[in-house]
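The values are calculated or read from the model by the stated rules, or taken from the named source; none is laboratory data. Small disclaimer: the values here were computed from a predicted structure and weren't measured. Note that each Cβ is placed from the backbone with ideal geometry, even for glycine, and that neighbours are counted across all protein chains shown.
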Amino acid sequence: MIRWAGFDLSAPRVMGILNVTPDSFSDGGRRATAETAVAAGRAMLNAGADILDIGGESTRPGAEPVAPDAERARILPVIQALAEVGAVISVDTRNATTMAAALATGARIVNDVSALAHDGDAARVVAEHGAPVVLMHMRGTPATMQYLADYEDVGAEVAAEISHRIVAAEIAGISRAAIALDPGIGFAKTGQQNIALLRSLSPLADLGFPLVVGVSRKGFIGTLSNEPVAARRLGGSIAGALFALTQGARVLRVHDVAETVQAVRVWQALA
């Protein structure tokens, strides 16, 4: 049995994306107030989300950083309200002060797109709280990553680069059992590299950690399906998510929780 963050991962888990931001690539502004975000989080829980991933800083390509105090002001009321109704919450942040405040407010998991590299205090905060953590592969920052997508073998290089972040996490005192990995689809990768990486997740899976994969509504799905509007990429997102499961993903990070939960249940029954 594979366990992570208190979950039995012998069955796939669904992580609902809850962006409390005005500028996220797909749903920016729709949940920019605490009231709308909490309502959306409750709806995701009712639809079957196992985890709510709450973030207050957009990390879309080209995004500018958000000050940690502004980030905390956006997300902490939402985390508190949803934790009070029993949600398992992941805080999507690169900032150690935000991690610490979120964990103190009711979040249980840290999801860092920089794999704890952005903030020198981040690994220490995660270790001190004993929190499960998602280490995601990215090169550069959201503002620069699109210029750093140079790979000869994207699957092997992603696995090799994230291995260094695993070592850094362990040196900081983070337990191996607390770590999950995210290949970072769409982060410092071109559309074709995203496809190649999804087809070659085995080097990453061979590292021995659960895989969290997020393909939901991403640009390469729009290119493959000729759909320029991110919110209209449901079918492609589900196809990508189910393919990721065949390649070893254990947690799916998605915008459309109800539809993904239904698709995963049918896929499980058939598979």
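Taken over segment 227-246, the criterion of being outside any helix (DSSP H, G or I) and surrounded by 18 or more Cβ atoms within 10 Å (Cβ to Cβ) is satisfied by 233 alone. Looking at this structure, is residue 18 outside any loop (DSSP other than H, G, I, E, B) and under 24 Å from residue 181 (Cβ atoms)? Spelling it out, residue 18 is indeed outside any loop (DSSP other than H, G, I, E, B) and under 24 Å from residue 181 (Cβ atoms). Taking residues in segment 188-209 that are without any contact (Cβ under 8 Å) to a residue 40 or more places away in the chain, and partners anywhere that are hydrophobic (A, V, I, L, M, F, W, C) and part of a loop (DSSP other than H, G, I, E, B), the pairs with Cβ atoms closer than 7 Å and at least 6 places apart or on different chains are 194/185. Can residue 260 be described as among the polar types (S, T, N, Q), at pLDDT 95 or above, in contact with a strand residue (DSSP E or B) (Cβ under 6 Å, 6 or more places away or on another chain) and part of a helix (DSSP H, G or I)? Taking the combined requirement at face value, the residue satisfies it. Taking segment 131-176 as the range and being under 25 Å from residue 103 (Cα atoms), among the charged types (D, E, K, R) and buried (at least 16 other Cβ atoms within 10 Å of the Cβ) as the test, only 165 passes.
If the condition is being in a loop (DSSP other than H, G, I, E, B) and modelled with pLDDT of 85 or more, then segment 26-63 contributes 48, 49, 50, 56, 57, 58, 59. Just a yes or no: is a residue in segment 162-169 charged (D, E, K, R) and either part of a loop (DSSP other than H, G, I, E, B) or modelled with pLDDT under 95 (or both)? Checking segment 162-169: not a single residue is charged (D, E, K, R) and either part of a loop (DSSP other than H, G, I, E, B) or modelled with pLDDT under 95 (or both). Set side by side, the residues 155, 130, 55, 120 differ, and just one is at positive phi and of a type outside the set (Lys, Arg), which is 130.
Scanning segment 201-226 for residues that are assigned to a loop (DSSP other than H, G, I, E, B) and buried (at least 18 other Cβ atoms within 10 Å of the Cβ) gives 201, 209, 210, 214, 215, 216, 217, 218. Take residue 142 and tell me if it is closer than 26 Å to residue 247 by Cβ and at pLDDT below 95. Taking the combined requirement at face value, the residue satisfies it. Among the residues making up segment 170-192, a single one is touching a Gly at 6+ places or on another chain (Cβ under 9 Å), assigned to a helix (DSSP H, G or I) and among the aliphatic types (A, V, I, L, M): 178.
Note on segment 35-59: residues that are surrounded by fewer than 17 Cβ atoms within 10 Å (Cβ to Cβ) and either of a type outside the set (A, V, I, L, M) or in contact with a His (Cβ under 6 Å, 6 or more places away or on another chain) (or both) amount to 5.
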